[in-house]
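Chemist: First the structure, then my questions, so here it is.
The values are calculated or read from the model by the stated rules, or taken from the named source; none is laboratory data. None of these values were measured; they are calculated from a predicted model. So basically every Cβ, Gly included, is an ideal-geometry build from the backbone, and we count neighbours across all protein chains shown.
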Amino acid sequence: MRTHHTPGTYGSALLERHLRRLRRSGPDGPANAALQARSVDARALLVHAGADPWAVGELARAIAGQDLEPEDRADGLALLDDLLRTHGPDAVAAEHQGLHAQLAFAVGRAADLLDRYPRIPPQVREALGVDLAEPSVWPARFNGLLPGPGLTIADGTGPRFDRIVPGTVEPVDGPLVTTVVTTYRPGPALMTTIRSLVAQSWTAQEILIVDDGSGDSEVLDLSLIPPWTRRPAST
């Protein structure tokens, strides 16, 4: 795991003053501020907060949630792994248990943590259970998380998420709603987004697709999208 900024860079008195101020909103105040600021420097404040289980969990939450560098989620997972190994599951706060299991899902270890952690928030446990479900039961489990009319999975070979088909609902008319979709090196995922927007029940809508500096060879093929969807010039 990489070494992040150390408290000594800024001075303990300054960091302590900021910690006291941010904790006025609650114990999660410093990490929430770091996530909102999306600043690597804000991590030094969380390191200064200490090495108790709550402080380590909040540091992991900030690093993984900021996701500013390619290694950040792996670093957050490593911190939580060490926290669990050192202090045991009962010492890990419920919200950090849930985060640990979510980060571990990407590396195939979520099921083990669902068994080990007793206080994962119910909504996180339920969502991970859906993610871990067998393909044959996944649609029914996923529909259980949603209000009607539910969804089905179309036949095909692509990712299940890209083959989701929503249930039929009555159209709703009203003022024009504009949705701005930014894209960089557009691919199949963009078409999934557009199909989802087009399938909304709100009929008075337009979709603006803004290409965020893709190369000339990577610009979206306009023939793939509906003619009423506008695509401004690249930014």
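Chemist: If you check ARG61 against the conditions, is it surrounded by 19 or more Cβ atoms within 10 Å (Cβ to Cβ) and either among the basic types (Lys, Arg) or not in a helix (DSSP H, G or I) (or both)?
Modeler: Yes: the conditions hold for ARG61.
Chemist: So PRO139 clears everything in (1) assigned by TED's automatic domain parsing to the domain that holds LEU80; (2) at pLDDT below 90 except one condition, right? Which one?
Modeler: Result: PRO139 fails condition (1) only.
Chemist: Out of all the residues in segment 94-106, is one or more exposed (fewer than 13 other Cβ atoms within 10 Å of the Cβ) and over 30 Å from SER214 (Cα atoms)?
Modeler: Taking every residue of segment 94-106 in turn, none turns out to be exposed (fewer than 13 other Cβ atoms within 10 Å of the Cβ) and over 30 Å from SER214 (Cα atoms).
Chemist: Consider only pairs whose beta carbons are under 8 Å apart and that are at least six residues apart or on different chains; among these, list those whose first residue lies in segment 135-159 and is assigned to a strand (DSSP E or B) and whose second residue is surrounded by fewer than 11 Cβ atoms within 10 Å (Cβ to Cβ) and at pLDDT 85 or above.
Modeler: none
Chemist: Is there a residue being surrounded by 14 or more Cβ atoms within 10 Å (Cβ to Cβ) and not in a loop (DSSP other than H, G, I, E, B) anywhere in segment 170-179?
Modeler: Checked against the condition, which is being surrounded by 14 or more Cβ atoms within 10 Å (Cβ to Cβ) and not in a loop (DSSP other than H, G, I, E, B), segment 170-179 yields at least one hit.
Chemist: Another one. Would you be able to tell me the number of residues in segment 64-73 that are farther than 16 Å from SER39 by Cβ and either surrounded by 17 or more Cβ atoms within 10 Å (Cβ to Cβ) or of a type in the set (Phe, Trp, Tyr) (or both)?
Modeler: Residues flagged as farther than 16 Å from SER39 by Cβ and either surrounded by 17 or more Cβ atoms within 10 Å (Cβ to Cβ) or of a type in the set (Phe, Trp, Tyr) (or both) within segment 64-73 amount to 1.
Chemist: Considering each residue of segment 60-114, count those that are over 17 Å from PRO30 (Cβ atoms), among the small types (Gly, Ala, Ser) and free of Cβ contacts under 8 Å to residues at least 60 places away in the same chain, and give that number.
Modeler: Selection size over segment 60-114: 10.
Chemist: If we keep just the residues of segment 109-134 that are in a loop (DSSP other than H, G, I, E, B) and hydrophobic (A, V, I, L, M, F, W, C), which is modelled with the lowest pLDDT?
Modeler: Ranking the candidates gives ALA133 first.
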